[in-house]
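Have a look at the structure below, then the notes.
The values are calculated or read from the model by the stated rules, or taken from the named source; none is laboratory data. As the structure is a prediction and not an experimental result, all values here were calculated from the model. A quick note on method: Cβ atoms are made from the backbone with ideal geometry, for glycine too, and the neighbour counts reach across all protein chains shown.
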Amino acid sequence: MSESAFKYVATTANFATTVVEASRDRPVLVDFWAPWCGPCRTLMPMLDRIADDYGGRFALAKVNTDEEQQVAAHFQIRSIPTVMLFHQGQVVEQFVGVQPEQAIRTLIDRHLGSATGADPESPAGLAAQAEAEITARDAAAAGATLERLAARDPEHRALGSLRARLAFVEAATARPDVASLRAALERDPADSAARHALAAHHALAGDYATALSEWLELMRRDRKFEDDLARRSLLSAFDVLGEDHEFTKSYRRRMASLLH
């Protein structure tokens, strides 16, 4: 990450000023990472790009947990990447793992007064509402909101990603018990329905590496399941991650090798 006025490295020594106090002027998104962490390397360029797009409306601070163990321990960082949003001196949002870019933008927007502001029926407002409903796993409400968004703005950039994640919510809520899904696959690795539902759970948790691996395995085992649902789910996940994501590039190649 190239440092600038709104992108910088935070340390144990300067955290109080560069993050806590700085968040009283504008939100500060803090990325707790380490050089050996693969998902961190996936998330970092996404956060960097979002920060550039917002042009300083929030600050992006990076904390290397290997080097700054004291501040990592203070915030009880147990898994990385962990991302926290500070506003008015407090942690107001946080997530663990790689999340979809639109979800991160919506999280930031909640504290910038945009998106959900003056007009909740604007495309931006509807996208933010659908994001919140998907996060809450309210599939019926999210579906209705996405219909309104599609009517307002059929080309909205978040529409494909939100629809994909809604499909994951529907699959996961139909079979909500993750432990039973794992047990079902242990008993019968050919249980296509269980594998698909488990992949959807992983995707909703931000673990796209596992989700994509499960869908690829389902595609290898059972192309006919639910009208090639595994391939369609992979394509939906690519919509969520974006074409430049390393998982998209890698799994597109793997998918192509199965198809040909």
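Just to verify a result, which residue in the stretch 116-135, among those that are within 19 Å of the chain's Cα centre (by Cα) and at pLDDT 80 or above, is nearest to HIS202 (Cα to Cα)?
That would be ILE134.
Looking only at residues that are under 18 Å from GLU101 (Cβ atoms) and of a type in the set (Asp, Glu) in the stretch 34-72, which one is nearest to the chain's Cα centre (by Cα)?
That would be ASP48.
Confirm whether ILE77 is part of a helix (DSSP H, G or I) and at negative phi.
Taking the combined requirement at face value, the residue does not satisfy it.
Kindly indicate whether any position in the stretch 231-243 is in contact (Cβ under 8 Å) with a residue 12 or more places away in the chain, under 20 Å from LEU258 (Cβ atoms) and surrounded by fewer than 17 Cβ atoms within 10 Å (Cβ to Cβ).
Taking every residue of the stretch 231-243 in turn, none turns out to be in contact (Cβ under 8 Å) with a residue 12 or more places away in the chain, under 20 Å from LEU258 (Cβ atoms) and surrounded by fewer than 17 Cβ atoms within 10 Å (Cβ to Cβ).
Consider only pairs whose beta carbons are under 7 Å apart and that are at least six residues apart or on different chains; among these, list those whose first residue lies in the stretch 123-135 and is buried (at least 21 other Cβ atoms within 10 Å of the Cβ) and whose second residue is acidic (Asp, Glu) and part of a helix (DSSP H, G or I).
Matching pairs, first to second residue: ALA128/ASP109.
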